[in-house]
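What follows is one structure encoded as structure tokens, with my remarks underneath.
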Amino acid sequence: MTDVVRTLRWCGAGAVVLFGVLPAVMLTLLVTGGRTPGSVGLVLVPGIALVVCALILAVRGVTNPDPETSAQLMRRSMAFVAGADLLMLGGNALIRMAAG
């Protein structure tokens with residue numbers, strides 16, 4: 001039987017890493033290096049929590065044998081990544097504009 005969500009599983013997992021983990025790491029490095037206002041660290045806390053939730057859901061989605069449940073978990077994971085990006089990167093931009 002053909003797995004119809006195979007592409008979604010692997011592309012979704014790659015998207016979580018590319019759009020979730022990497023921006024969180026880069027923003028953390030900016031805050032710890034002192035290249036951005038310290039108040040940006042406040043948006044990191046909920047942003048990193050959302051990325052961790054997205055990672056957990058992505059792992060569950062990739063390892064789940066049921067295609068329908070897997071697709072639902074992967075979609076939810078990508079929604080968490082979108083929220084984390086909006087919070088972290090948008091919050092960083094707004095705080096920098098207000099401080100600059």
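Throughout, read-outs are computed from the coordinates displayed, never taken from laboratory work. Because the structure is a prediction, the values reported are computed rather than measured. Ideal geometry is used to build each Cβ from the backbone, glycine not excepted, and the neighbour counts take in all protein chains shown.
Data overview
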{"item": "Largest-first principal axis extents of the Cα set of the chain (Å)", "result": "57, 19, 17"}
{"item": "Inter-site label distance for Val59 and Ala93 at 7 Å from Cα along Cβ, in nm", "result": "3.2"}
{"item": "The chain, relative contact order [Cα under 8 Å, separation at least 6], %", "result": "38"}
{"item": "In Å, descending, principal axis extents of the Cα set of region 4-44", "result": "46, 15, 8"}
